[in-house]
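Shown next, in C-alpha cells, is the structure this report addresses.
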Amino acid sequence: MLNRKQKLFLLKFFSLFSVVRGYNILIIVIAQYLTSIYILAPDLPVRQVLFDVNLLMLVLASSSAIAGGYIINSFYDSEKDLINRPRKTMLDKLVSQRTKLSAYFVLNFLSVIFASYVSFKAVLFFSIYIFFLWFYSHKLKKYPFIGNITAAILAVVPFFAIFVHYGNFDIIIFVHATFLFLLISMRELVKDLENIKGDLTHGYNTIPVVYGEKTSKRMLTVLSILTLAPIILLITKFKEEIGYMDYYFYASIAGLMVFLAVLWYSKNKIHYMVLHNILKFAIVIGVFSIVLIHVNLLLHRFF
C-alpha cells in the first residue's frame, strides 16, 4: 500500500503528465519515426534510420519544445479551462504555477541543447519554434483565423525539421503534409466550438465567438471538402507510392461524411467533443497506417 506522500507524488506526476499531454507527445514521436522510415527516407536501411543520432536529437528537441508549449498554453488558459475543462484543470492544478514555469524553462533549455548536437541551424530553428509556441499562447490564439492557422502550422513544424534533415523534396510529401494540415485545422476549429463558453467569458475572439456557430460549421464543411483534394491525389496519382495505406484514405472519405453529418446535427458541447474525438482518432490511426505503405518494410530493410 502506498502512503499519503507517495500517493501525492503520483498524483502530481500524473498532473504534470496531463499538462504536457504526454500521450500526444508519444504519438508525435512515433509519427516522426514512421514518417522518416516510410516516407522521408524510404531508400535507407531501417537500422540506419532508427539509430540515426541526429534524428533522435531532433525528435527529442521537438518533444521538449512541444511539452514546453503545452505548459505555457496551460499557464495562460488556466482560468478559461476552469470553465471548459473543470476536471482536467483541477488535476492540472495539483502542480503549482511556479513548478510549471520552472519545467517550461527547463524543457526549452533541453530542446536547444538537443538541437545543438545537430547544428547551429537546428538551434536557430527550435529557438524560433519555441518563441512562436509562446507567442501563440500569449497572443495569437485570441484572434480568429490567425490563431487557428498558427496552431495548425505549429503542429506540423516538428515534421518539417525531419523533412529538412533528410532533404527529401518529393511532391508526395507535400500532399501528405497538406492532408495533415487540413485535418489539424479542422480539429482546431472544432476545439473552438467546444470551448466557446470559456472563450466568450474570457475575451478570446475565436471564430465561433466572433462569427457564430453556423458560420463555423460552414467553414468546417469547406475544410472537409478541401481535405478530399489531397486524399484523391494520394489514391490516384500516388497509388503505388502509398501501398496499402490507400485503405486508410478510403476510410477517411467515409469518416469525413460521418463528420459532416454529426457536425450539422451538433448543438452542444458533447456533440463537439464527439467531433473532436473523430478527428483525433483519424489523426492517430493515420499515424499507425503509415506502416501500410509497405507492410513488410521492417523485415526487408532492417539489415
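The values are calculated or read from the model by the stated rules, or taken from the named source; none is laboratory data. Since we're looking at a predicted model, the values are computed, not measured. Cβ coordinates were reconstructed from backbone atoms using ideal geometry, including for glycine residues, and neighbour counts include every protein chain displayed.
Criterion first (out of contact with any Ser or Thr (no Cβ under 6 Å at 6 or more places or on another chain), surrounded by 18 or more Cβ atoms within 10 Å (Cβ to Cβ) and assigned by TED's automatic domain parsing to the domain that holds residue 38) does residue 163 satisfy it? Yes; evaluated as a whole, the condition is true for this residue.
Residues in region 35-52 that are in a helix (DSSP H, G or I) and farther than 18 Å from residue 286 by Cβ: how many?
From region 35-52, those in a helix (DSSP H, G or I) are 35-40, 46-50; that's our starting set.
Of the ones still in play, those that are also farther than 18 Å from residue 286 by Cβ are 46-50.
Of the residues in that region, 5 qualify.
Against the definition (touching a residue at least 12 places away in the same chain (Cβ under 8 Å), crowded, with 18+ Cβ neighbours inside 10 Å and either touching a strand residue (DSSP E or B) at 6+ places or on another chain (Cβ under 8 Å) or more than 26 Å from residue 276 (Cβ to Cβ) (or both)), how does residue 39 come out, yes or no? In short, yes.
Among the conditions (1) under 19 Å from the mean Cα position of the chain (by Cα); (2) surrounded by fewer than 19 Cβ atoms within 10 Å (Cβ to Cβ), residue 126 misses just one, which is (2).
Scan 205, 268, 195 and give me the residue that is outside the structural domain of residue 59 (by TED's automatic domain parsing), surrounded by fewer than 18 Cβ atoms within 10 Å (Cβ to Cβ) and under 26 Å from residue 139 (Cα atoms).
Numbers: 268 fails: under 26 Å from residue 139 (Cα atoms); 195 fails: surrounded by fewer than 18 Cβ atoms within 10 Å (Cβ to Cβ).
On inspection, the qualifying residue turns out to be 205.
Within region 275-296, residues that are surrounded by 15 or more Cβ atoms within 10 Å (Cβ to Cβ) sit with their Cβ atoms under 7 Å from residues that are part of a helix (DSSP H, G or I) and among the acidic types (Asp, Glu), at 6+ positions apart or across chains, in these pairs: 276/194.
Which count do you get for residues in region 39-69 that are over 22 Å from residue 101 (Cα atoms) and either of a type in the set (Asp, Glu) or within 23 Å of the chain's Cα centre (by Cα) (or both)? Don't jump to the end; show me each part of the working.
Filtering region 39-69 down to residues over 22 Å from residue 101 (Cα atoms) leaves 39-59.
Pick out the ones that are also either of a type in the set (Asp, Glu) or within 23 Å of the chain's Cα centre (by Cα) (or both) and you get 39-41, 43, 49-50, 52, 54-59.
Selection size over region 39-69: 13.
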